[in-house]
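Notes follow the structure.
The values are calculated or read from the model by the stated rules, or taken from the named source; none is laboratory data. On a predicted model such as this, the values are computed, not experimentally measured, just so you know. For neighbour counting, all protein chains shown are included, and Cβ atoms are generated from backbone atoms with ideal geometry for every residue, glycine included. The area values use the complete protein model at the heavy-atom level, side chains included, leaving out ligands, DNA and RNA. Shrake-Rupley method; radii C 1.70, N 1.55, O 1.52, S 1.80 Å.
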Amino acid sequence: MSITELNKAQTEKLLEVNDLKMHFPVKGGFFKRTIGAVKAVDGVSFDIKKGETLGLVGESGCGKSTTGRSILRLLDPTDGEVLFNGEDITKLTGKRLRDIRQDIQMVFQDPYASLNPMQMVGDIVSEPIKNYHKNRKGEELKAEVMDLLTRVGLPEDAYYKYAHEFSGGQRQRIGIARALALKPKLIIADEPVSALDVSVQSQVLNLLNELQDEFDLTYLFIAHDLSVVKHMSDRIGVMYLGNIMEVANKSSIYAEPLHPYTQALISAVPDASKIGQKRERIVLEGDVPSPENPPSGCPFHTRCPKAMDECSKTKPQLKEVKPGQHVACLLYE
Amino acid sequence: MEVVPNKDPQLKTTKPPKSMSPWAMARRKFMKNKLAMISLVYLIILAILSFLAPYITTVDISRVNIGQMKLPPSSEHWFGTDTSGRDVFVRLLYGGRVSLFVGISCTMIILFLGVIVGAIAGFFGGIVDSMLMRFTDFVLNFPFLVFVIVLNAILFGKVGGVGVLIGVISLLGWGGVARLVRSKILSEKENEYVLAATSIGGRPNKVIMKHLLPNVLTTVIVQATILFANMIVAESALSYLGFGVPQEVPSWGNMLSASQQPEVLQDMPWIWVPPAIILVFTILAINFIGEGVKDAFNPKSFR
Ligand SMILES: Nc1ncnc2c1ncn2[C@@H]1O[C@H](COP(=O)(O)OP(=O)(O)OP(=O)(O)O)[C@@H](O)[C@H]1O
Ligand code: SF4
Ligand SMILES: [Mg+2]
């Protein structure tokens, strides 16, 4: 472990998620009774230390957004703990909940749906401030918002415009300015660039990196492929069907992925440094099972190239297999 | 060296920023819709004339004038007189007062009740939603006509004026709006900007008022025009049948009911044709306005 990594390991945890579950009830039948549940998040655990970026990666529908929204309490999690600065926030209500939201903000996935079409950009960005600081208003507030807009790379006249007048990348910058307005400690960035043109993606990623240093931010950075998180993360968590499969430092994940699912994902990432070397791409068979009816035992066993008999019976728990590298797979039990 | 045309720099900076709110865009699009604009002008003129009727005519419309019964149109009585000797044109204006007033009042109250119930049910969901919607279904399934007729019969003579009619129609009529607003809120709620509004510390009432309702408002406005037309028709139909506004109060429906006499229907078209035509034109105009609003707010233009 390098010195910097050691330092990071010693710094305190800002966020700790323990066995988080979010099951959406499925209603049906004549009396609208609950007849089942979509297990969108089914026992997710990870932690994020102050100042670091945890990349959360997984295929579409594996429960990444649901995890992010549960942490922010935009959803009420079915079970589990979310410790923010050591305080469990899953049961908070009223004023305490509103207070905690000042410290955790979100950048949303869809730049088109995440901005109110009826609001001026200036209103969008000043609204969080107005929500919490009644005393800040008028020219002072406007100047503050203008600052934020310039900081995220928007022209000042953006203040008086409406979302429909901007491109996807610019809209995402507006969303970032809104998330920054309260000077939060943690930002959950839910696939902030997946809806953008490739040419614009890196600009927005760079912006997020700059802001992290400038505002002392901690990121939970959600993405659906490993190539985007590579430039963003210190550590990476791999999700599959509502479960965390592996969490480790970025370097370990890329150098020596331990979980079969991570191995498959890594093999799909084009790697410039390994050109010429023979690399086998692991192609997964079959489809992702439905979260309404997940497989027994290991959620990945229906597609795992290394599956054993045991895998359909026992659900593997996340275990520290190597220092700092946690894996949920029976191969390492 | 290239000659650069001498552009006035002032010209560029003083030009107002070309930025339009979705409302402004919709307004501009609506103004370009000729049919809708003509309809709007017609309605406004009609409303002004009706509401100013007592000030622009001196004719007493309630007094029966035996000497001037059933007169055909003339320069003195533009649309002739009715079977009681009252001036048809003047009654038409007074009738518009009542019909439009009943229509607007009912529409307002229905929108108010429907939007509140629908917004609360749609936003909070769960048990609040189930209970409010059961109640809404109950109101929707109420036999409207029977209730109006019975209530009118009971209250007849005890409570005067058009208030009873407005109250009854409104209390039984909000169900459709509630359902519409609820389903619209449910679909609008899925948009991330609503989640964002909560995540930046907005309380539920603010999220509803500031974010959901403005985006649902377009649907509500279109619905309002349909309602307004329907309410005018309802008033006329009930009055025609004798269950609407009291007989002595002029309304288009009451005026139309004169045609129930075969003699009037056959030989005195000037008594019942004017209210019929004005009713049809008004309904058409409201519908054209509704269509215009719907076009103008085509959401594709601001997403
Ligand atoms: N409100 C809800 N009610 C019922 N099911 C839901 C709800 N929200 C999400 N789900 C389901 O939960 C699962 C996980 O959804 P989620 O949006 O968290 O996935 P995701 O990993 O963010 O995917 P994407 O990359 O497409 O954004 C999906 O199967 C989805 O259909
Ligand atoms: S537990 Fe079994 S099925 Fe699951 S990843 Fe490990 S080897 Fe594959
Ligand atoms: Mg998502």
Condition broken by B:Gln223, with the remaining ones in (1) more than 28 Å from B:Met20 (Cα to Cα); (2) under 12 Å from the mean Cα position of the chain (by Cα) satisfied = (1)
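Answer yes or no as to whether A:Pro111 is touching a Phe, Trp or Tyr at 6+ places or on another chain (Cβ under 9 Å) and touching a residue at least 60 places away in the same chain (Cβ under 8 Å).
Answer is yes for this residue.
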Does at least one position in region B:111-131 carry a residue that is farther than 29 Å from A:Ser114 by Cα and loosely packed, with under 15 Cβ neighbours inside 10 Å?
-> yes
Which of the residues spanning region A:152-165 are open to solvent by less than 20 Å² (accessible area, probe 1.4 Å) and within 11 Å of chain B (Cβ to nearest Cβ)?
-> A:Ala158, A:Ala163
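Each row is one residue, and each column tells you yes or no for (1) buried (at least 16 other Cβ atoms within 10 Å of the Cβ); (2) within 14 Å of chain A (Cβ to nearest Cβ); (3) closer than 28 Å to B:Gly80 by Cβ.
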{"position": "B:Gln223", "(1), (2), (3)": "yes, no, no"}
{"position": "B:Asn230", "(1), (2), (3)": "yes, no, no"}
{"position": "B:Glu235", "(1), (2), (3)": "yes, no, yes"}
{"position": "B:Leu238", "(1), (2), (3)": "yes, no, yes"}
{"position": "B:Gly253", "(1), (2), (3)": "yes, no, yes"}
{"position": "B:Pro262", "(1), (2), (3)": "no, no, yes"}
{"position": "B:Gln266", "(1), (2), (3)": "no, no, yes"}
{"position": "B:Ile277", "(1), (2), (3)": "no, no, yes"}
Being polar (S, T, N, Q) and more than 8 Å from every other protein chain (Cβ to nearest Cβ) is the filter; apply it to region A:81-118 and report the residue that is most open to solvent (accessible area, probe 1.4 Å).
-> A:Thr93
Considering region A:18-35, residues that are away from chain B (no Cβ under 14 Å) and away from ligand 1 (no atom under 11 Å from the Cβ), and then whichever is modelled with the lowest pLDDT, we arrive at A:Gly29
Exception for A:Ser60 within (1) at the interface with chain B (Cβ under 9 Å from one of its Cβ atoms); (2) surrounded by fewer than 24 Cβ atoms within 10 Å (Cβ to Cβ); (3) within 16 Å of ligand 3 (Cβ to nearest atom) falls at (1)
Considering only residues of region A:317-333 that are assigned to a loop (DSSP other than H, G, I, E, B) and in contact with a strand residue (DSSP E or B) (Cβ under 8 Å, 6 or more places away or on another chain), which is farthest from ligand 2 (Cβ to nearest atom)?
-> A:Gly324
When you go through A:Val288, A:Val229 one by one, which is the residue that is within 16 Å of ligand 3 (Cβ to nearest atom), more than 14 Å from chain B (Cβ to nearest Cβ) and open to solvent by 20 Å² or more (accessible area, probe 1.4 Å)?
-> A:Val288
Before we move on, is A:Gly43 within 28 Å of A:Ile266 (Cα to Cα), of a type outside the set (D, E, K, R), within 16 Å of ligand 2 (Cβ to nearest atom) and not in a loop (DSSP other than H, G, I, E, B)?
-> yes
Residues located in region A:151-174, provided they are of a type in the set (D, E, K, R), under 20 Å from B:Lys210 (Cβ atoms) and not in a loop (DSSP other than H, G, I, E, B) | A:Arg171
Does A:Val327 count as closer than 27 Å to A:Met22 by Cα and at pLDDT 95 or above?
-> yes
Filter result for B:Val177 (over 16 Å from B:Glu235 (Cα atoms), within 14 Å of chain A (Cβ to nearest Cβ) and open to solvent by less than 20 Å² (accessible area, probe 1.4 Å)) = no
Note on A:Leu182: of the conditions (1) more than 14 Å from ligand 1 (Cβ to nearest atom); (2) under 14 Å from the mean Cα position of the chain (by Cα), unmet is (2)
Single match in A:Val321, A:Val283 (criterion: among the aliphatic types (A, V, I, L, M) and surrounded by fewer than 16 Cβ atoms within 10 Å (Cβ to Cβ)) = A:Val283
Looking only at residues in region A:247-279 that are under 24 Å from A:Pro299 (Cβ atoms) and part of a loop (DSSP other than H, G, I, E, B), which one is modelled with the lowest pLDDT?
-> A:Val269
Which ones in region A:211-223 are touching a strand residue (DSSP E or B) at 6+ places or on another chain (Cβ under 7 Å) and open to solvent by 10 Å² or more (accessible area, probe 1.4 Å)?
-> A:Gln212
Filter region A:121-150 for residues that are more than 7 Å from chain B (Cβ to nearest Cβ) and either part of a loop (DSSP other than H, G, I, E, B) or in contact (Cβ under 8 Å) with a residue 40 or more places away in the chain (or both) and give the result.
-> A:Val121, A:Ile124, A:Val125, A:Ser126, A:Ile129, A:His133, A:Lys134, A:Asn135, A:Arg136, A:Lys137
Positions within region A:175-209 being assigned to a loop (DSSP other than H, G, I, E, B), hydrophobic (A, V, I, L, M, F, W, C), within 12 Å of chain B (Cβ to nearest Cβ) and open to solvent by less than 10 Å² (accessible area, probe 1.4 Å), in sequence order | A:Ala181
Check off (1) away from ligand 2 (no atom under 12 Å from the Cβ); (2) surrounded by fewer than 23 Cβ atoms within 10 Å (Cβ to Cβ) for A:Pro305 and give me the number that stays unchecked.
-> (1)
Here are some conditions: (1) under 27 Å from B:Met20 (Cβ atoms); (2) in a helix (DSSP H, G or I). A:Arg96 meets all but one. Which one does it not meet?
-> (1)
